[in-house]
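Here is the structure we will look at, set down as structure tokens.
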């Protein structure tokens, strides 16, 4: 309980003017943990008047449930001569202000032992920490959503890979290995009839959602043309016109189509941004030569139809 007979030591009176200038809260308690001095910064922090805080002990400021913790901190500080802990300062209105308590035992000129406490308000730091926790939680949630979307994108991309099949004496096998980024590649193996097997490959340049969506749209249009039994040249021209008229993008896209038959093989290629003057580039060669040369097929950007021999 407050004791009105406690007087501020003379040595402390000589230091009061210095302690009052500090921006941090300063509390000095005697060996019975009674408040001997509290500077203006601490009074503002706790919203107390000097008369309300003077001579008070922890059990008259803190809830009873916190007294064992405070007692343990005091004993630890007494054992080591100093202490530092993160706790809170109860305001007069009951609000809890997070703070760092740095304590050190001192001996006054009168021979008595005192504890000097520096109380640092860390409310702003705690608010930032809370905002960071909320931001991290949102980022984690968004990351989980992105991973779920990427998982779905991988399955969709897998569906664009050609399926293995056996067509007459031709065995078609496919291998699909997903990349670390979303892209715009697909392949189609489509029996045109008993006489031919259509193989369509497309690579939309670039990565990301845009390339993937464009690849899916071209894939749908290509299947539509294949189901209508359009020839490679007709199909590529239709896709060319579709992308130019409907998508109207400045990005590059590259498609390759080969129609394998028993007697011959041909490869039609279409490149660059579709424009009314851009036409497919066509190579023709026997099946044996096609198998030997397919790795060297390249794309050329031309305003006219080009017929190449290699």
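A few remarks follow.
- Lone unmet requirement of (1) loosely packed, with under 10 Cβ neighbours inside 10 Å; (2) not in a helix (DSSP H, G or I) for residue 124: (2)
- Residue count for the range 53-94, restricted to those that are touching a helix residue (DSSP H, G or I) at 6+ places or on another chain (Cβ under 7 Å) and assigned to a loop (DSSP other than H, G, I, E, B): 3.
- Residue 116 being touching a strand residue (DSSP E or B) at 6+ places or on another chain (Cβ under 6 Å), closer than 23 Å to residue 127 by Cβ and surrounded by 14 or more Cβ atoms within 10 Å (Cβ to Cβ): no
- The conditions of being farther than 28 Å from residue 10 by Cβ and either assigned by TED's automatic domain parsing to the domain that holds residue 22 or touching a strand residue (DSSP E or B) at 6+ places or on another chain (Cβ under 7 Å) (or both) are met by residue 94.
- Scanning the range 186-228 for residues being surrounded by fewer than 20 Cβ atoms within 10 Å (Cβ to Cβ), modelled with pLDDT of 75 or more and more than 18 Å from residue 163 (Cα to Cα) gives a total of 4.
- Members of the range 227-247 found to be in a helix (DSSP H, G or I) and out of contact with any helix residue (DSSP H, G or I) (no Cβ under 7 Å at 6 or more places or on another chain), listed by number: 227, 232, 233, 234, 236, 237, 240, 241, 244, 245, 246
- Looking only at the range 143-165, residues that are more than 29 Å from the chain's Cα centre (by Cα) and at pLDDT 80 or above come to 0 in all.
- The range 20-40, residues that are closer than 18 Å to residue 100 by Cβ, surrounded by fewer than 20 Cβ atoms within 10 Å (Cβ to Cβ) and free of Cβ contacts under 8 Å to residues at least 40 places away in the same chain: 22, 23
- Identity of the residue in the range 42-52, free of Cβ contacts under 8 Å to residues at least 60 places away in the same chain and in a helix (DSSP H, G or I), that ends up surrounded by the most Cβ atoms within 10 Å (Cβ to Cβ): 46
- Taking every residue in the range 135-161 that is closer than 18 Å to residue 216 by Cβ and pairing it with any residue that is in a helix (DSSP H, G or I) and modelled with pLDDT of 80 or more, at least 6 positions away or on another chain, the pairs with Cβ-Cβ distances below 6 Å are 160/219.
The values are calculated or read from the model by the stated rules, or taken from the named source; none is laboratory data. Bear in mind that the values here come from a model prediction, so they are computed numbers and not experimental data. In this analysis, Cβ positions are derived from the backbone assuming ideal geometry, glycine residues included, and neighbour counts consider all displayed protein chains.
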